[in-house]
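To start, the structure itself, in structure tokens.
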Protein chains: 2
Amino acid sequence: RRIVVHTQDEFEQAVKTVTAGDMIVLADGVWRDFDAVLEGEGSAEQPIWLTGETPGGVILSGQSSLRLSGKHLIVSGLVFRDGYTPRNEVISFRRDSKSLANSSRVTNTVIENYSNPDRTQRDSWVVMYGKNNEFDHNHLSGKLNSGPTMVVRLNSEESQDNNHHVHHNYFGPRPVLGSNGGETFRIGTSHYSLTNSNTLVEYNYFDRCSGEVEIISNKSGGNTYRNNTFFESRGTLTLRHGNGTSVEKNLFDGNGAPYTGGVRVINGDQTIRNNGFKDLTGERFSGALVVMNGVPNSPINRYHQVDNALIEGNVFENIAAIELGEGSDAERSAVPINSAFKNNVIMNADGQTPFTLHDDMSGIEFSGNKVNSEPPKAISSGFEVLTDLAQKVAVDNYGVAREETGVDWYPKATAKSPFEGGSDINVNAGENALFDAIAKAKAGDHLWLDAGDYNEAKIIELRVPVTIGAKPGAEGKVNVSFERRNLFVLSGQGGLKLDGLNVVGSKAPDNVGNSLITTSAIGGGSNHLLQISNSTFTDFVVNRSFSIVSAAKGTLYHQIKIFNSSFSDVSGSVVKLDAETDDYGMYNVEFLEIENSEFKNVKGPAVDVYRGGRDESTFGPAIVIKSSGFDGVGDEKEPAINLHGVQVLKLEDNTIAGGKQALFTITTGKPQPHLSGNAWIGHEGDTILKIEDLRK
Amino acid sequence: RRIVVHTQDEFEQAVKTVTAGDMIVLADGVWRDFDAVLEGEGSAEQPIWLTGETPGGVILSGQSSLRLSGKHLIVSGLVFRDGYTPRNEVISFRRDSKSLANSSRVTNTVIENYSNPDRTQRDSWVVMYGKNNEFDHNHLSGKLNSGPTMVVRLNSEESQDNNHHVHHNYFGPRPVLGSNGGETFRIGTSHYSLTNSNTLVEYNYFDRCSGEVEIISNKSGGNTYRNNTFFESRGTLTLRHGNGTSVEKNLFDGNGAPYTGGVRVINGDQTIRNNGFKDLTGERFSGALVVMNGVPNSPINRYHQVDNALIEGNVFENIAAIELGEGSDAERSAVPINSAFKNNVIMNADGQTPFTLHDDMSGIEFSGNKVNSEPPKAISSGFEVLTDLAQKVAVDNYGVAREETGVDWYPKATAKSPFEGGSDINVNAGENALFDAIAKAKAGDHLWLDAGDYNEAKIIELRVPVTIGAKPGAEGKVNVSFERRNLFVLSGQGGLKLDGLNVVGSKAPDNVGNSLITTSAIGGGSNHLLQISNSTFTDFVVNRSFSIVSAAKGTLYHQIKIFNSSFSDVSGSVVKLDAETDDYGMYNVEFLEIENSEFKNVKGPAVDVYRGGRDESTFGPAIVIKSSGFDGVGDEKEPAINLHGVQVLKLEDNTIAGGKQALFTITTGKPQPHLSGNAWIGHEGDTILKIEDLRK
Ligand SMILES: [Ca+2]
Ligand SMILES: [Ca+2]
């Protein structure tokens, strides 16, 4: 039977009557708030189908989800978007804890941008329970909120030793989450990690899956990852818990993107064989290959010792780091044992060895490896150094091609800048001229401002990326003022480039905590981009704590760039990104770069970035401040710059006069601040950066 | 001409053509996002009118506002609701800083619940500029966000010495804001406070206007407040800045509500004459009459000395406090001078004197006053003590009757409990039974739960007040579990009473910072009410920082009551209200009462309340904890109870065993913790409350 249903009621009625061999067809259209449950008992020969009328014609939106229960169910051809799940999952292979799905399949299904608008609300888009289930040729892209995109659960016997098959899926971009919980795929949890999952994960494409340090968090035994491609994905396939997993013939292609890594090895009986690793820039926990130290007699949720690892036949080309004994410290003191590293090829064009030994590696037998640069002495006997080594990663031998994955009727993510592709729009000076222009602006538009005065009586909510700049010839003659607490609030997909403006804060209300540019947690913020160039900002003193750039709790700037700009007379901070005070490892900015800019009479800190908590799941925040001057910044309470828990810090060629020194509080990780060419007027010979280390 | 317009475009066209004597009529219906500007030059005989087609028939909603510019304009019959202004004001007596309105009038207009959903966004509903304007018979009710409800500005010469007339308006309930900025009416700012406004404010009714310590903030000279009624309004009519203002024949009727006050006197030449004050419970800054000390040579924004004040012929009946020389400290050392307090009558049924002298009051001449209890010695010569004094406030002689104010076709606020007036609904146990029941519930409904297991896979958003309780006979047999980060999220008008439930946290996700009950800043939260009684809460330990009750930044509980309940095994706090970390004087709870409850194995603090900043604009938070036990609460870092910046604290008959002591950090104000009958097991003789005083 082919049962076409047009309403949720019709669907529920149909489900009550389905038997083996039936197919329920959702009529084309938008199904809002559809809490769908497909229950039934099909057979291998006569499964029960749920499908859309035409490919891409059925959209589940609003608060929709789908649960499967029974056996031999097949779901295909659905699209989830324009909403988010009210449950812990969008697609679940169980109805509830008592009713699981087995021998069932989800294929040709799309979940795109179906993120809870509150980034801190945790959910997963696909959760597999039961046994012998298949998830293939699906498209999962754009998850912004907390929680792994896809999970295999082993929380009862009915879901263990499950033989699931996950293949030919397209895992589209997963932007930085800014905390733990940004994994793209996870199998198991520490609690059940000594149980085997036996899931086969193959021919999947991971495209910019960069939520956190774990692209995949493997937390169970007996899994196989083979022929997957990881492209420009930050972090690693992490064998976090469980034993006996195999990683073979995968391609890890970082394409030179920041923090890209390969495989991180922990626990016993892991095999890493015949993989290709190329153009990976990650170090430490995000190296191309990371073999961790363990904790002696580790509790189940800490680090188990590496024992009987086989790392063989892999090719590494232009990779930043192979870390051996990583994490070695007083607690993580159990070095790898009974392991082998053999017949691997490591070739770096820069002639630098990627190897770092963090501890005694005599428990790994090195043999038959080829390198083009001298490895560390302690392991060099297992390497042949060939300075003319030419063996590169033969891409076709590894992973899977992008176009062989996902859903063929649904487009994959592109790579263009969000500030491009719009129209050029001329704007004349006047009351609310910016508000009126932006009300009509589309993503990527560039507003070219004529010389003159722009006063804004309303807050401008930016839900798309736009550029606002002085017209050629009007640079320095565009004067902007505003009358409300903020001028710009970034929400949704909002992004902003400002160029060539003079902004004054003097018309803002007499209110504590005004901020020129901020973000809103209302409406589901993406990873915002902000750039400020060739602009001046003066007279932000109408009340206390006036800032130029700030963020709401629960929001994240992916990147803030400020250059060739000046800031004077500010009663608070120029950049105030300290809203995540819970110490849950969250923060408000991934990359902050300031160059060639001047800060004068700022109560300070001029830059205030807070990343609390001690977990090791994120790469950022990363801060670079170069060739900039700080004059009269900070006071008896505030340093000139206040960086708490920042992971990457570079201060180059800056000058501090008057005011206070900068402060860097180290809380977690191993950040190594890079300082050069800085001057502290009146304190020559002293460093401008005071470091406080709160790690034990 | 009578020009009926049906669209915003037609309105704009009409405005372009209006001349003296014309009337523009908005057609009945909802006008969304209407950025209306009425400009024109009428005359005294032939004004220009803007009105609605029928009374109450025209609704301005969404992002609407109205600006007036020109002269002799009259606006009447509009209703603003279901939205909020995108500007600094809803109705403004100017178009922009260059185009003001003069000799214009707004009457019979309603602004109700037109609050920005972000409580911290500041705006005002009515702002008067220009001169000789009139605002009468209007209805302004339910403002929840920051900023005075109504303001008279004096920021240019064209707006000074303005002779505005504000009369017969109904100022409906203004709930506690939880920070400065909750005034109902303000005239002037400190900057222009030595300028005269000469505004006449009479026959207005202030009904529960309790946003902060200032009901009215008078910040200019020469104003008259007469025949206004202040009913159950917290705080005072505050003569904050400026000289020569007169307060006469007003009625201050606190009706016994908390923190209700009368008049606070600062500056020179103020007259407080022939007013009636009754049933006012406020003390200190919120006394029935407060005469402040000044700062010698005060800067314009601090406290100017009281000089030549005349306080005469007032009747005080059953009032808690008359504070003289209030605020006296090292900075505020200038006592009142050249002043008189005469022919007043003060009668308290409890026979207690309300007078407190905080400093030398010889600069006030006391004469001809009558009291029924002995005043302080230093001033007693000016009083005749008549123990049988019977002169009460003759209500009809003062103020104005409620029904003579506001808009006669629009209903005024009522006083019923938000948990009343709904239906009784029976609920049977089952998966998502609460979610499904609440999806259909209406304000005031009472859900009666049958015995059994309730597991909730979805977060329940509560936008209306509901009661959820065990059915008679099912008490203690209603078991509730939940699978997401929260079970209940209060937003909008949400409120919750829970009674007779057993709640476990064990099915919540393995996620840091889960919370059973929280609030959302999305959607415009009111002042939420929460009550928990006769319930048990166990096993909230799945991950760190699990709490039972928490709040999002920018939200406020008006009252939380917890009694006859027990909490055990909690990895965070039971009540965690510390989201306002900006130190802007904001906080998340006004009244918190815990009675007869047990806390066991709570990582702690069991109660964590944070009120940062040093301003003196709020009354709360107020915390009462009685007859409760704390066993194993707190750890090496956390006290058993952590109260920071709380203003009222009572700890009675509590027991602490194991764990840690309670901590009270005093930051501002003069809180006087009341402690009695508490016991600290193993530390007998020690106080259970450690006090840290951060005031200088
Ligand atoms: Ca992780
Ligand atoms: Ca105030």
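Annotation for the range B:114-171: trypsin sites (Lys or Arg not before Pro) lying in DSSP loop with at most 15 further Cβ atoms inside 10 Å of their Cβ do not exist. The mean count of C-beta atoms from other chains within 10 Å of the C-beta of residues in A:429-439, rounded to a whole number, is 1. Residues whose amide H comes within less than 5 Å of that of residue A:532, counting only those at least five positions distant or on another chain, are A:498, A:561, A:562, A:563 (H built at 1.01 Å from N in the peptide plane). Computed extension length for residue B:564-residue B:443: 41.0 nm, one decimal, from 0.36 nm per residue of separation with the Cα-Cα distance subtracted.
Taking each DSSP H run with n ≥ 4 as -39500 (n - 2.57) and averaging over every residue of the protein assembly as shown yields -500 deg cm²/dmol at 222 nm.
The GluC sites (Glu not before Pro) of the range A:42-91 that meet both conditions, a loop assignment by DSSP and at most 11 other Cβ atoms within 10 Å of the site Cβ, are A:45. Shielding value for B:549-555 is 2, the average number of Cβ atoms from other chains within 10 Å of each residue's Cβ.
The distance between label points at residue B:683 and residue A:97 comes to 3.9 nm (points 7 Å beyond Cα on the Cα→Cβ vector).
Each eigenvalue of the Cα gyration tensor of the range A:64-404, multiplied by 5 and square-rooted, gives one semi-axis; in descending order these are 34, 21, 17 Å.
Here's the list of aspartates and glutamates a cross-link from residue A:660 could span, going by alpha-carbon distance under 13 Å and ignoring same-chain residues fewer than 8 apart: A:631, A:635, A:636, A:638, A:686. For the range A:573-696, the relative contact order comes to 22 percent (Cα pairs under 8 Å, sequence separation of at least 6). Note on residue A:191/residue B:690: beta-carbon distance plugged into 1/(1 + (r/R0)^6) with R0 of 56 Å gives a FRET efficiency of 0.90.
For the range B:685-696, 3J(HN,Hα) computed residue by residue from phi via the Karplus equation (6.51, -1.76, 1.60; θ = phi - 60°) reads x, 8, 6, 7, 10, 8, 10, 10, 10, 9, 6, 7 Hz, glycine and proline entered as x.
If you plug the beta carbon distance of residue B:163 and residue B:53 into 1/(1 + (r/R0)^6) with R0 = 41 Å, you get a FRET efficiency near 0.80.
One Cα centroid belongs to the range A:478-524, the other to the range B:618-696; the line between them spans 42 Å. Placing a label point 7 Å from the Cα of residue A:442 along the Cα-to-Cβ direction, the distances to the matching points in the other copies come to 4.5 nm, shortest first. Each of A:263, A:200, A:274 was scored by the projection of its Cα onto the charge dipole of the range A:178-283, and the greatest displacement toward the positive side belongs to A:200; charges sit on the C-beta of Lys, Arg, Asp and Glu.
Placing a label point 7 Å from Cα along the Cα-to-Cβ axis, residue B:581 is separated from the same position in the other copies by 0.6 nm, shortest listed first. For residue A:413, the label point sits 7 Å beyond Cα toward Cβ; its separations from the matching points on the remaining copies run 4.8 nm, from shortest to longest.
Value of Rg to Rh for the protein assembly as shown, rounded to two decimals, is 0.99; Kirkwood radius and Rg both from alpha-carbon coordinates. Straight-line reach from residue A:249: taking Cα to Cα under 26 Å and skipping same-chain neighbours fewer than 8 places apart, the lysines in range are A:131, A:219, A:278, A:342, A:370, A:392, A:412.
Each residue of the range A:280-291 was assigned a 3J(HN,Hα) from its phi angle through the Karplus curve 6.51 cos²θ - 1.76 cosθ + 1.60 (θ = phi - 60°); the sequence is 9, 9, x, 10, 6, 4, 10, x, 4, 9, 10, 10 Hz, with glycine and proline shown as x. Inter-chain neighbour count for B:94-107: the average number of beta-carbon atoms from partner chains within 10 Å of each residue's beta-carbon is 1.
The mean sequence distance of close C-alpha pairs (under 8 Å, at least 6 residues apart), as a share of the length of chain B, puts its relative contact order at 6 percent.
Within the same chain, aspartates and glutamates fewer than 8 places from residue B:471 are excluded, and of the rest, those with a Cα less than 20 Å from its Cα are B:420, B:424, B:431, B:436, B:445, B:450, B:453, B:456, B:499. Counting only protein heavy atoms and a probe of 1.4 Å, the accessible surface of the range A:431-482 is 53% carbon and sulfur. The B-A contact accounts for approximately 2900 Å² of buried accessible area, totalled over both chains at a 1.4 Å probe radius.
Once the 1.4 Å probe is applied to the protein heavy atoms, the range A:68-219 comes out at 25 Å² accessible per residue. Before anything else, pin down the relative contact order of the range A:200-318: Cα pairs under 8 Å, at least 6 apart, normalised by residue count, whole percent. Reported relative contact order: 22 percent. Could you give the distance between the Cα centres of the range B:531-560 and the range B:580-606, to the whole Å? The range B:531-560 and the range B:580-606 have Cα centres spaced 9 Å from each other. Once backbone amide H atoms are built at 1.01 Å from N, residue B:431 has B:455 as its partners under 5 Å, excluding neighbours fewer than 5 places away on the same chain.
Annotation: for a label point projected 7 angstrom from Cα along Cα→Cβ of residue A:17, no residues of the range A:58-96 have a backbone N closer than 17 Å.
Close amide H contacts of residue A:186 (hydrogens built in the peptide plane, cut-off under 5 Å, sequence separation of 5 or more or a different chain): A:150, A:151, A:152, A:217.
The values are calculated or read from the model by the stated rules, or taken from the named source; none is laboratory data. All values reported here derive from a predicted model rather than from experimental measurement. Cβ atoms come from the backbone with ideal geometry, glycine included; neighbour counts cover every protein chain shown. SASA here: full protein model, heavy atoms, side chains in, ligands and nucleic acids out. Shrake-Rupley method; radii C 1.70, N 1.55, O 1.52, S 1.80 Å.
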